[in-house]
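Values in this text are rule-based calculations from the coordinates and carry no lab data. Note that this is a predicted model, so its numbers are computed, not measured. Using ideal geometry, Cβ is built from the backbone for each residue, glycine included, and neighbour counts are taken over all protein chains shown.
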Amino acid sequence: MAKQNILLVNTDGPENRVALVEGGNLAELFIERQKSVSNVGNIYKGKVLRVMPGMQAAFVDIGLEKAAFLYITDIVGGRLPNRIKLYLQNQDEEDDVEEDEELDFDILEEDFDQQKTPRIEQLLSPGQEILVQVAKDPLGTKGSRVTGYVTLPGRHLVFMPYVDHVGISRKIEDDEERLRLEGILEEIRPINTGFIIRTACVGQNAESIRNDLDYLLLMWERIQSQYHSVPAPSLIFSELDLILRCIRDLVTPEIDKCMVDSPIHYKRIKEFMEVFLPQSVHILDDYRGNIAIFDLYDLEPQIDQALTHKVWLKSGGYLVFERTEALTTIDVNTGSFIGQRSLEETITQINMEAAKEIPLQLRLRNIGGLIVIDFIDMENEENRERVMQAFAEALSLDRARHMVLPISEFGLMQITRQRIRESLLNTMTEPCSYCRGKGYNKSLETISSEIIRTLIRKGEKIPTDSLRIKCNPTLADFLAHNYQDWLDRIELRLDKPINVHASEILHVEEYEITGEGPPTA
């Protein structure tokens with residue numbers, strides 16, 4: 001029996017989790033904490049607080065704790081923003097391109113690009129009311145990033161009321177199907193409106209496309225009506241929550257089953273599917289089993305594995321993932337695999353296995369931005385081509401926009417991958433409070449040597465008849481067993497006893513050297 005593609009919805013806890021399982025393996029994981037729901041996609045009636053001509057930006061009160069930030073290029077009437085240009089240019093279904101992501105795309109040569117960009121003070125003034133949509137959630141001390149260019153995603157289409165353009169997902173590769181879908185949409189779309197045809201639209205008839213379009217137009221009409229009837233600031237439209245977004249975007253003909261472990265959410269999903277996905281309602285399963293839904297497919301260990309630095313390959317080789325501020329590096333290693341024939345064949349076999357595994361890991365871990373893969377050097381150009389082809393085939397399943405450069409003579413491959421959402425590592429982890437996010441600590445030998453040098457430099461200047469070293473218990477034990485002879489020498493040298501005190505509250509790298517006892521004469 002062939003392994004199925006299954007969508008699992010887990011709501012039994014403080015997190016809502018949706019897992020896409022392909023062939024028995026975890027392919028994608030989506031997490032939304034009920035206390036920290038994203039505002040991305042929400043539409044607000046905001047009020048301009050401050051216009052900053054020097055930055056060509058404005059702060060907008062949308063009713064959240066921090067004022068939102070609005071760039072000149074995100075104001076309707078200004079120049080079309082890069083976010084929308086990349087969105088249209090790639091004709092893809094994801095609309096949250098990072099504006100600072102360096103992707104090698106040509107600039108659209110449309111009439112609106114030829115227009116001279118007005119200055120922000122010509123478009124906005126303090127106190128002015130404005131319709132905006134959240135493009136990015138608050139980060140650190142910064143407020144939300146908002147845009148005036150609204151995008152409303154439906155099941156088959158994405159509606160852009162301020163853009164006169166029809167785009168088609170690049171993942172729809174059949175030319176006849178592209179022409180058919182574009183023809184249907186061109187006939188029914190209102191003048192001066194924009195739409196993107198999503199991959200889920202493939203095979204749909206004109207009636208289904210019309211229903212989706214009518215739904216989006218009605219949603220937009222309600223948003224406009226709400227805008228004129230509420231004060232600023234006000235929330236006037238909320239994006240679907242994680243669960244319904246996943247149902248909307250991930251339930252395709254390739255999904256065999258959708259299992260939900262909550263009667264309440266099962267009902268919500270069923271009602272949603274009856275309206276938007278009636279042909280898929282039969283795959284919905286109200287799961288009531290005694291075993292946790294993620295345990296049915298042994299997902300918890302796979303989630304834990306997705307947070308580790310090292311991923312083992314079946315042959316005995318392994319991958320090492322390292323993240324920096326600028327990029328993510330992936331190192332391919334032979335590990336325990338020694339092969340059976342030539343060194344070149346052994347290396348190629350490891351690289352081929354890595355080329356198939358890495359795209360799966362990028363997708364599961366949701367790693368975005370610049371990625372550099374260090375394959376093991378191959379001398380044969382034909383072998384490099386084989387690895388490149390295997391990588392491209394595995395990456396074709398990735399919904400995120402990506403670009404790949406050929407493997408260099410040094411065995412390096414460079415990739416840019418769209419940041420759809422926070423990486424799994426960022427979502428599920430935080431910097432280690434023990435190593436302070438460095439990923440390492442000083443060795444006990446290094447810290448002990450520092451203590452000895454500090455005693456030598458400063459011991460005589462402390463005006464007491466004895467000294468105290470206060471440090472972590474692990475370090476205290478190490479000093480007593482490995483550096484006691486040095487402590488004895490310094491006691492003789494300073495003519496002061498030295499006492500070591502263990503303190504659980506001190507970090508292993510922290511220590512205090514203070515005076516103890518009465519002051520010296």
### Computed log₁₀ I(q)/I(0) - Debye formula, equal Cα scatterers, no solvent, segment 307-428, q 0.14, 0.17, 0.19, 0.20 Å⁻¹
-0.55, -0.81, -1.01, -1.12
### Task
Compute the FRET efficiency between residue 426 and residue 176 as 1/(1 + (r/R0)^6), taking r as their Cβ-Cβ distance and R0 = 56 Å, and round to the nearest 0.05.
0.85
### Query
Which percent, nearest 5, of DSSP beta bridges in segment 437-521 are antiparallel?
60
### Message
As I understand it, the dipole of the chain uses +1 on the Cβ of Lys and Arg and -1 on the Cβ of Asp and Glu, about the Cα centre. Which of 362, 474, 336 lies farthest toward its positive end?
### Response
474
#### Entry: 21 Å Cα-Cα reach of residue 442 towards lysines, excluding residues that sit fewer than 8 places from it in its own chain
470
### Task
Please sort by residue number the GluC sites (Glu not before Pro) in segment 331-386 whose DSSP state is loop and whose Cβ has at most 15 other Cβ atoms within 10 Å.
379
### Task
Quick one: dipole size for the chain, taken about the Cα centre, charges +1 on Lys/Arg Cβ and -1 on Asp/Glu Cβ, in debye to the nearest 20.
1640
### Summary
Residues of segment 487-521 with backbone N under 18 Å of the label point set 7 Å from the Cα of residue 436 along Cα→Cβ are 505-513
### Task
Could you run the Karplus curve 6.51 cos²θ - 1.76 cosθ + 1.60 with θ = phi - 60° over segment 226-243 and give me ³J(HN,Hα) per residue in whole Hz, x for Gly and Pro?
5, 4, 7, 10, 10, x, 9, x, 8, 7, 10, 7, 10, 5, 4, 6, 3, 4
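For segment 327-443, calculate the relative contact order in percent as a whole number, restricting contacts to Cα pairs under 8 Å that are 6 or more residues apart.
Answer for segment 327-443 is 28 percent.
Explain nothing, just the number: relative contact order of the chain, from Cα pairs under 8 Å at least 6 residues apart, as a whole percent.
12
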#### Entry: Full-stretch length increase - residue 396, residue 482 - with 0.36 nm per residue and alpha-carbon distance subtracted
25.3 nm
### Message
Please list, in order along segment 425-440, the HN-Hα scalar couplings obtained from phi with the Karplus expression 6.51 cos²θ - 1.76 cosθ + 1.60 (θ = phi - 60°), rounded to whole Hz, x for Gly and Pro.
### Response
5, 5, 5, 9, 10, 9, x, 5, 5, 7, 9, 6, x, 6, x, 7
### Query
Which cross-chain or sequence-distant (5 or more) residues have an amide H under 5 Å from the amide H of residue 237, H modelled 1.01 Å from N in plane?
43
### Residue pairs, from the table 47/136; 136/171; 314/356; 3/267; 314/438, whose Cα atoms sit over 21 Å apart
136/171; 3/267; 314/438
### Query
Taking the mean number of other Cβ atoms within 10 Å as a proxy for protection, how do you rank 445-451, 70-76 from highest to lowest?
70-76, 445-451
### Helix-only mean residue ellipticity at 222 nm for the chain, each DSSP H run of n ≥ 4 adding -39500 (n - 2.57), per residue, nearest 500
-9500 deg cm²/dmol
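Taking the Cα centre of segment 307-428 as the origin, how large is its charge dipole in debye, to the nearest 20, when only Lys and Arg (+1) and Asp and Glu (-1) carry charge on their Cβ atoms? Please list the in-between numbers first.
Numbers: 14 positive and 17 negative charges, 157 e Å.
That gives segment 307-428 a dipole magnitude of about 760 debye.
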### Task
Note down the nm distance, to one decimal, between modelled labels 7 Å out along Cα→Cβ at residue 33 and at residue 453.
4.0
### Summary
Pseudo-spin-label distance residue 443 to residue 286, built 7 Å along Cα→Cβ, given in nm, is 6.3
### Message
Quick check: net charge around residue 289, other residues with Cβ under 11 Å of its Cβ, Lys/Arg +1 and Asp/Glu -1?
### Response
-3
### Query
When we measure straight from the Cα of residue 257, which aspartates and glutamates land under 18 angstrom away, once same-chain ones fewer than 8 places off are left out?
22, 28, 249, 271, 274, 285, 286, 295, 298
### Task
Rank these for me by crowding, 262, 144, going from fewest to most other beta carbons within 10 Å.
262, 144
### Query
Residue-wise, which Karplus ³J(HN,Hα) couplings in Hz belong to segment 465-481, taking 6.51 cos²θ - 1.76 cosθ + 1.60, θ = phi - 60°, and x for glycine or proline?
8, 8, 10, 10, 9, 9, 7, 4, x, 5, 6, 4, 5, 5, 4, 5, 8
#### Entry: Sites residue 210 and residue 241, calculated FRET efficiency, Cβ-Cβ separation with R0 22 Å, nearest 0.05
0.25
#### Entry: Gained length - residue 270 relative to residue 15, 0.36 nm times residue gap less alpha-carbon distance
89.7 nm
### Query
At what distance in nm do the modelled label points of residue 403 and residue 279 sit from each other, each positioned 7 Å from its Cα along Cα→Cβ?
3.5
### Query
To the nearest 20 debye, what charge dipole does segment 381-442 have about its Cα centre, counting +1 at the Cβ of each Lys and Arg and -1 at the Cβ of each Asp and Glu?
500
### Task
Starting with the fewest neighbours, write out 481, 165, 507 ranked by other beta-carbon atoms found within 10 Å of each beta-carbon.
481, 507, 165
### Task
Mind listing the long-range amide H neighbours of residue 258? Cut-off is under 5 Å, sequence gap 5 or more, other chains count too, H placed in the peptide plane at 1.01 Å from N.
7, 284, 285
